[in-house]
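What follows is a short report on a single structure.
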Amino acid sequence: MPKPGPLPQTSQTAATVNTPSKTGRDWGGDARRRRTPADYSSKAGAPPALGREATVLQALGPAGLRAWCVAGLDLLAQAREEIDGLNVFPVPDGDTGTNLQLTMTAVVEALAATTDDAGVVPAVVRGSLMGARGNSGVILSQLLRGLCEALGGGTGPELAGALLVSATGAYDAVGVPVEGTVLTVAREAAEAGRGSRADLAGVVATASRAAGESLARTPDLLPALREAGVVDAGGRGWCVLLQALEQVVTGTAAVRTVVGARPTAPSGATAHGVVAFDHEVQFLLEGASDDAVERLRSELGSLGDSLVVVGSDGLHKVHVHVTDVGAALEAGARAGSPSQTTVTRFADQVGTCTERPGRDGRPGRDERPVGRRVVAVVQGAGLEEIFRLAGAEVVTGGPSASPSTRELLDAVRASRAGEVVLLPNDGNICAVAEAAAAQARLEGLSVRVLPTRSVLEGLAALSVANGATPFDDDVACMAAAAAGTCWAEVTTAVRTAGTPAGPCRAGDVLGLLEGDVVVIGADVEQVARDLLARMVVATSEVVTVVLGRGTTPAHGERLTTHLADRDVEVVVLDGGQLHRPLLLGVE
């Protein structure tokens, strides 16, 4: 079976044009009507000045950039569910809104660690790069970098030029640019701003309006968007950020300092709109009920700020700024089973880096990386254990739970290896893996990314890894094994939608073959059998069945029996992955 083409530059998630917004905006009229450009304009839903005359900025300096990032994070937090909740395909992995919010959270955290104007642009650039999650987060980091580094004095003409540099840089960062995505939205907004020849407020207003108009046209450029009745999610996020920029420039921004929609800042807020808690706590939470998650939100909300709790079906990513680290960790333990816990003291991120061995996972001056390791992104207790037993360094993540650039870079450092192969195992994580690899190379490490789009490709690659061979030969062998694997997954539709296999309804069982919906049914096993009928050919040798949550060994036994008359070896693994009851691979 032919392998898929180049990875898309955005995740497949998108904001719908057929569903009411969850940001508090009243669209008016029929919620299912096709959106007009005005719906995506910054003028829609802009807050009024609160009983005072607005101060309009004439130039966007360091203070304005800082305010924009905080305001943008606030608006993205409000729009996250709208963007997350819908997808080009009706499968439960929509995470563009979450990835954009977490990427901007990293920017605001980086800004919290610098108080001087000279540090603002570097903080935005590095914060967005290291905090980028998913393809959408990586592209956002490129947009922010281009804009900030080309901004100059921040006047209207200078911002117009910076927007164009920003869009051009994003295009250059993508291997195969596709129109009808955030790239188009950013470019057309920049072109409109450049042609306005206005002051700062005029340029921003023109660019923001053009972004909304461009977003409304994205379904006309991408058939997948048109069939699903949605607009591009990454483009929607850029529109939100331009809306925030217009509010800052015109003095109408009503920014909340707490991520997670708490309306007022707690005592201790600094003059820069960031609460002065001195530790960042992050962990992965498994096995927590919905009620337990809500209690955890409440407990952590009372302990600190910058609270983000995202996830579903018993797996959540938790992020919070606190002073009492112990209380935060105890709250997590009461809610479920925390793992992948990291605690960062903000004071340690300021100033020059020492040469202590192991600081942030880096080898010290006398500790040279040696050997070769594989770093793999995996989700599911069983799969994580399988990869670890095979010698891989595991980073927990996958559909709807993309790790950040920093998390992957830390794993590369923690491997203490001079040569590292990165397996993202998800198309939406490939760009983040490339960003992490680029940073690792700057530190003198030799890192290669195999753009595996599925954990099945990752398993095939890992099975032939051989640290005794030259690095290039080993990587080539692993790449060939991944390329020789046909993979599929069985999942459940979360909404009514059109698919390449026809219309589906919420609750239907979907069979995806290398990312495309090709089977719609009512029974998990029958859909799996239909997929295998397409996948197993005369030259097939090994069939791998990975059982997810909600399945039992009996499912694997019956599928093994189903393949008894085919000359293939069947391997059944207990993966424990979420959202995908069955993963199938054929080598």
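The values are calculated or read from the model by the stated rules, or taken from the named source; none is laboratory data. Computed from a predicted model, the values in this text were never measured in an experiment. We place every Cβ from the backbone using ideal geometry, glycine too, and count neighbours over all the protein chains shown.
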Just checking, which of E489, E514 is at pLDDT 95 or above and among the charged types (D, E, K, R)?
E489
Inter-residue pairs, beta-carbon under 9 Å, first of a type in the set (F, W, Y) and in the stretch 54-68, second in a helix (DSSP H, G or I), 6+ apart:
W68/L241; W68/A244; W68/L245; W68/Q247; W68/V248; W68/V249
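Do you know which residues across the stretch 425-445 are on the phi > 0 side of the Ramachandran plot and crowded, with 22+ Cβ neighbours inside 10 Å? Break it down into steps so the answer makes sense when it comes.
Initial filter on the stretch 425-445 (on the phi > 0 side of the Ramachandran plot): 425, 444.
Hit for the stretch 425-445 is N425, nothing else.
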I'd like the residue in the stretch 305-348 that is at pLDDT below 75, within 14 Å of G397 (Cα to Cα) and among the aliphatic types (A, V, I, L, M) and, out of all such residues, is surrounded by the most Cβ atoms within 10 Å (Cβ to Cβ).
L315
Taking the condition of being closer than 14 Å to Q282 by Cα and among the hydrophobic types (A, V, I, L, M, F, W, C), how many residues in the stretch 396-411 meet it?
1
When you scan the stretch 469-486, do you find a residue that is more than 20 Å from S446 (Cα to Cα), assigned to a strand (DSSP E or B) and out of contact with any Pro (no Cβ under 6 Å at 6 or more places or on another chain), even just one?
yes
Just wondering, is there one or more residues in the stretch 477-494 that are over 23 Å from the mean Cα position of the chain (by Cα), surrounded by fewer than 16 Cβ atoms within 10 Å (Cβ to Cβ) and without any contact (Cβ under 8 Å) to a residue 60 or more places away in the chain?
yes
Please go through (1) more than 20 Å from L459 (Cα to Cα); (2) crowded, with 21+ Cβ neighbours inside 10 Å for G550 and return the number of the only condition it doesn't satisfy.
(2)
Of the residues in the stretch 419-448, those that are of a type in the set (G, A, S), farther than 23 Å from D172 by Cα and in contact with a strand residue (DSSP E or B) (Cβ under 6 Å, 6 or more places away or on another chain) come to S446
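I'd like the residue in the stretch 165-184 that is in a helix (DSSP H, G or I) and surrounded by 21 or more Cβ atoms within 10 Å (Cβ to Cβ) and, out of all such residues, is nearest to the chain's Cα centre (by Cα). Explain how you work it out, then say what you get.
Quick first cut of the stretch 165-184, residues in a helix (DSSP H, G or I) only: 165-173, 182-184.
Filter again for surrounded by 21 or more Cβ atoms within 10 Å (Cβ to Cβ), leaving 166-167, 170, 182-184.
Working: S166: 20, A167: 20, A170: 16, V182: 14, L183: 17, T184: 20 Å.
This residue is V182.
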Of all residues making up the stretch 114-136, the number that are outside any helix (DSSP H, G or I) and out of contact with any strand residue (DSSP E or B) (no Cβ under 9 Å at 6 or more places or on another chain)
3
When the residues of the stretch 121-143 are filtered to those that are in contact with a Cys (Cβ under 8 Å, 6 or more places away or on another chain) and β-branched (V, I, T), which remaining residue is farthest from A436 (Cα to Cα)?
V121
Name the single residue that is surrounded by the most Cβ atoms within 10 Å (Cβ to Cβ) among those in the stretch 99-148 being farther than 18 Å from C239 by Cα and of a type in the set (D, E, K, R).
R133
Of E557, E514, E587, the only residue that is surrounded by fewer than 18 Cβ atoms within 10 Å (Cβ to Cβ) and either free of Cβ contacts under 8 Å to residues at least 40 places away in the same chain or not hydroxyl-bearing (S, T, Y) (or both) is E557
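Among the residues of the stretch 191-209, which ones are more than 21 Å from L65 (Cβ to Cβ) and out of contact with any Pro (no Cβ under 9 Å at 6 or more places or on another chain)? Step through it out loud before you land on a result.
Initially, the stretch 191-209 is screened for residues more than 21 Å from L65 (Cβ to Cβ), giving 191-192, 195, 197, 209.
Those that are more than 21 Å from L65 (Cβ to Cβ) and out of contact with any Pro (no Cβ under 9 Å at 6 or more places or on another chain): E191, A192, G195.
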For the stretch 364-402, give me each residue that is surrounded by 20 or more Cβ atoms within 10 Å (Cβ to Cβ), at pLDDT below 90 and either assigned to a loop (DSSP other than H, G, I, E, B) or assigned by TED's automatic domain parsing to the domain that holds L129 (or both).
P369, G397, P399, S400, S402
Total residues in the stretch 259-298, condition at pLDDT 85 or above and exposed (fewer than 14 other Cβ atoms within 10 Å of the Cβ)
4
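On the basis of being touching a helix residue (DSSP H, G or I) at 6+ places or on another chain (Cβ under 8 Å), surrounded by fewer than 21 Cβ atoms within 10 Å (Cβ to Cβ) and free of Cβ contacts under 8 Å to residues at least 24 places away in the same chain, does T155 make the cut? Show your work before the answer.
On the way: touching a helix residue (DSSP H, G or I) at 6+ places or on another chain (Cβ under 8 Å): yes; surrounded by fewer than 21 Cβ atoms within 10 Å (Cβ to Cβ): yes; free of Cβ contacts under 8 Å to residues at least 24 places away in the same chain: no.
Against the criterion (touching a helix residue (DSSP H, G or I) at 6+ places or on another chain (Cβ under 8 Å), surrounded by fewer than 21 Cβ atoms within 10 Å (Cβ to Cβ) and free of Cβ contacts under 8 Å to residues at least 24 places away in the same chain), T155 does not qualify.
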Considering only residues that are touching a Lys or Arg at 6+ places or on another chain (Cβ under 7 Å) and crowded, with 18+ Cβ neighbours inside 10 Å, which ones fall in the stretch 446-473?
V447
What number goes with the only condition from (1) over 25 Å from T544 (Cβ atoms); (2) among the hydrophobic types (A, V, I, L, M, F, W, C); (3) touching a residue at least 24 places away in the same chain (Cβ under 8 Å) that A438 does not pass?
(3)
Candidates A465, A488, A522, A479, filtered to the one that is within 16 Å of H579 (Cβ to Cβ) and among the hydrophobic types (A, V, I, L, M, F, W, C):
A488
